[in-house]
Amino acid sequence: MTVLNPTPDAAGASVEPPSDEPQMDRSGRTAARRRKLFSYAILLAFTALYVGPMLMLVLTAFKSLPEFFKNPTGWPESFGFGNFVEAWEKANIARYLVNSVLYTAVATAICVFTSVLVAFPIARGYLKGAKYILLLYVVALFLPPALIPQFQLILNLGLFNTRTGFILLFLVNPIGLIILVNYIKSIPRELDESAAVDGCGYYRFVFKIVMPLIRPAIATVTVLHAIGIWNELVLPTIYLTSENLYPVTRGLIVFEGLYGSNWPALAAAVLILMTPMLVLFLFLQRYIISGLTAGAVKG
Amino acid sequence: MASISIDQVDKVYPNGFQAIHGLSLEVSDGEFVVLVGPSGCGKSTALRMVAGLEQITDGELRIGERIVNDVEPKNRDIAMVFQNYALYPHMTVAENIGFALKLAKVPKAEVTARVNEAAQMLELTDQLDRKPSQLSGGQRQRVAMGRAIVREPAAFLMDEPLSNLDAKLRVQMRADISRLQRQLGITTIYVTHDQVEAMTMGDRVAVLKDGYLQQVDTPQHLYDRPDNVFVAAFIGSPSMNLFEATFEGSGLHLGSHRLALPDATLERRPALATYGGRKIAVGIRPEDLEDASLATDAAEGAVISSTVELTESLGSEIVVHFALDAARVDAGNPDAADDLSAADAVARFDPRSRCRAGEVVDIAVTVENLHFFDLESHAAIWT
Ligand SMILES: Nc1ncnc2c1ncn2[C@@H]1O[C@H](COP(=O)(O)OP(=O)(O)OP(=O)(O)O)[C@@H](O)[C@H]1O
Ligand SMILES: [Mg+2]
């Protein structure tokens with residue numbers, strides 16, 4: 001999830017006091033400078049907090065196991081890709097990657113698509129009790145995960161240890177829905193009415209007008225949801241027992257040795273695991289910032 | 001093309017609020033009718049019921065010969081222009097204009113031809129490939145118009161289409177819309193809260209207040225013979241001066257002033273005789289007040305003298321505010337933010353007038369043009 005956290009620069013834009021205010025007197029200017037210095041110090045501390053562990057992960061991935069135990073925090077002796085090769089083979093990444101991609105892509109696509117169809121009428125109040133339905137989603141945010149009943153349900157449906165059953169676990173995302181609802185509210189209602197007068201049907205309106213206009217929100221929800229599935233470690237260990245169904249995360253468990261873990265190989269595997277989501281994020285990034293701040297659609 | 005007939009229509013919103021009370025209005029084929037009234041009077045509600053965007057609670061609505069109470073908006077053959085234009089931000093101007101035609105499965109070549117024709121009419125040809133965000137307010141407004149006219153609908157419905165434009169552009173677009181409507185001859189209902197827009201654009205103007213229709217008539221007739229105090233005050237700028245006065249025999253006590261009424265005026269309004277000795281509301285249009293030194297034909301006993309409080313010179317005329325010691329009559333316009341306690345009347349003097357603030361001037365009243373209303377019912381007193 002590290003990738004989703006706002007970069008220090010983006011955070012800086014909001015923390016930094018407006019420095020170009022004309023402040024003529026000297027004391028005002030030094031006060032402004034001091035404030036600026038202070039906020040940079042805080043930002044630096046946060047940056048260290050985020051970058052530190054990342055750096056450590058990267059450095060570890062280039063060390064041999066004995067080297068790691070001798071010098072866990074220092075610089076590696078050489079930058080070789082031995083750990084990555086080992087991780088790729090031992091964790092069966094090539095094989096499990098197909099599963100991970102399948103689960104993430106299918107579940108995210110279904111979740112986002114259905115969420116838009118649900119979010120639109122809720123945002124517009126086009127169905128009775130829309131407010132309460134939304135409230136249900138908000139409540140769902142605060143409930144603890146219902147592991148046992150969920151497990152029973154999947155079991156009774158005969159979907160335990162199946163791809164369908166596993167995908168079924170990831171079809172709802174309350175936060176995603178709330179983001180979509182709020183974003184849709186920024187689309188002027190007159191667009192709906194104008195379309196209705198012009199003879200545009202409901203579904204056509206949702207697909208041809210609403211979807212293109214809420215692209216930022218869709219990108220945001222897609223990334224949020226995809227990363228959640230991609231990085232999920234607990235549910236695959238519960239719901240999937242056949243090796244040929246494992247996602248990549250499940251493969252990482254091989255590095256948990258009985259007598260201590262193979263940290264460098266694990267670090268390399270984690271870096272490999274991260275890469276696809278990082279690429280997805282970079283790809284959708286230009287939409288995401290505006291998706292999180294829910295800008296208004298200009299008429 | 002078609003007529004629109006609104007018959008005894010009521011609108012009660014789900015929260016129980018009744019926004020429209022028994023509205024009846026006939027709009028004939030090709031006519032331009034303006035719905036005007038203060039904010040919240042139900043203009044948009046009425047228009048949206050015609051469009052089918054709002055359910056009709058009671059009454060009957062016909063477009064052409066067809067009763068359309070329960071017909072879907074898209075099947076009413078109408079086009080609507082919204083205040084915020086409701087353009088699709090992700091589509092180009094051409095796509096916006098052609099969208100309805102595309103939905104109607106009109107062949108591509110014909111869509112292009114009709115879009116180009118509309119663009120030409122609205123001088124949008126150079127903007128066809130742009131997105132709405134790259135247009136000026138006036139251009140967006142024209143795109144919204146274009147979207148309506150390509151469809152060649154039976155009727156145009158417009159809800160304050162000019163209120164997002166600046167004053168100068170508004171005047172120009174006002175003329176453009178009128179010209180276009182005449183050229184196309186499409187039945188139009190146009191909603192505005194601006195009485196100048198209503199007067200200049202409408203073949204007929206319907207004045208609405210609190211969900212009740214007050215009067216429907218041609219602009220000139222509305223101005224000359226308002227049916228009640230509200231219409232009298234709403235139409236015209238500056239507003240008609242409305243004061244309480246006591247009617248007595250052949251004259252009028254207006255505060256400490258007395259105005260003699262000519263016999264002809266009394267004969268034209270026989271009902272006035274029954275108000276002898278009683279209070280009525282009298283209305284004086286600002287142009288019926290003139291600097292007495294310039295009004296050579298001022299009638300006997302039709303001059304009041306008062307202190308000028310403020311003058312506003314407009315070049316073509318001088319707007320003069322002066323004190324009048326009679327009680328003001330509240331016309332009931334929630335949008336008029338003037339202070340009733342300040343007994344203040346407004347006159348439009350000839351620019352040659354030399355009057356200054358603080359001076360006492362003689363003001364000639366054109367008594368033949370006075371308006372009289374019942375103080376209780378606010379209805380005009382005629383017969
Ligand atoms: N959905 C609704 N539910 C309840 N009351 C409503 C609803 N829509 C409008 N109203 C009320 O109905 C009345 C008329 O509203 P309407 O929008 O028709 O006014 P309007 O004349 O168009 O005003 P404006 O000039 O401000 O646009 C108002 O008092 C408004 O508060
Ligand atoms: Mg309105």
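Key figures
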item: The stretch A:55-78 and the stretch B:168-211: distance between their alpha carbon centers, rounded to Å; result: 78
item: Ranked packing of B:107-119, A:47-59, most packed first, by mean Cβ within 10 Å; result: B:107-119, A:47-59
item: The protein assembly as shown, accessible surface, carbon-and-sulfur percent (1.4 angstrom probe); result: 58
item: Per residue, in Å², the accessible surface of the stretch A:81-238 once ligands and nucleic acids are set aside, probe 1.4 Å; result: 48
item: Residue among A:178, A:144, A:228 farthest towards the positive dipole end of the stretch A:83-297, charges placed on Cβ; result: A:178
item: Per residue accessible area in Å² of chain B, where ligands, DNA and RNA are left out and the probe is 1.4 Å; result: 43
item: J(HN,Hα) series, the stretch A:188-198, from Karplus relation 6.51 cos²θ - 1.76 cosθ + 1.60, nearest Hz, glycine and proline x; result: x, 5, 4, 4, 4, 5, 4, 5, 5, 5, 7
item: Summed buried accessible surface, chains A and B, 1.4 Å probe, nearest 100 Å²; result: 1900
item: Surface/4 estimate of mean projected area, convex hull on alpha-carbon atoms of chain B, nm²; result: 21.9
item: Formal net charge of residues neighbouring residue A:181 (Cβ-Cβ distance under 13 Å; K, R +1; D, E -1); result: +3
item: Of B:43/B:279; B:11/B:74; B:11/B:105; A:185/B:105, pairs whose Cα-Cα distance is over 27 Å; result: B:43/B:279; B:11/B:105; A:185/B:105
item: Inter-label distance for residue A:283 and residue A:204, nm, one decimal - labels placed 7 Å from Cα along Cα-to-Cβ; result: 3.1
item: Within chain A, helix-based [θ] at 222 nm, where runs of 4 or more DSSP H residues each add -39,500 (n - 2.57), nearest 500; result: -21500 deg cm²/dmol
item: Accessible-area value, residue B:186, 1.4 Å probe, nucleic acids and ligands omitted, Å²; result: 10
item: Taking chain B and dividing mean pair separation by its residue count, relative contact order in percent (alpha carbons under 8 Å, at least six apart); result: 16
item: Averaged over B:78-86, number of beta-carbon atoms from partner chains that fall within 10 Å; result: 5
item: FRET efficiency, 1/(1 + (r/R0)^6) with R0 41 Å, evaluated for residue B:112 and residue A:238 via beta carbons; result: 0.10
item: Cβ neighbours within 10 Å from other chains - mean over B:87-93; result: 5
item: Chain B: angle of helix B:93-103 to the longest principal axis, Cα-based, in degrees nearest 10; result: 70
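The values are calculated or read from the model by the stated rules, or taken from the named source; none is laboratory data. The structure displayed is predicted, hence computed values, not measured ones. Every residue, glycine as well, gets a Cβ built from its backbone with ideal geometry; the counts of neighbours run over all protein chains shown. SASA here: full protein model, heavy atoms, side chains in, ligands and nucleic acids out. Shrake-Rupley method; radii C 1.70, N 1.55, O 1.52, S 1.80 Å.
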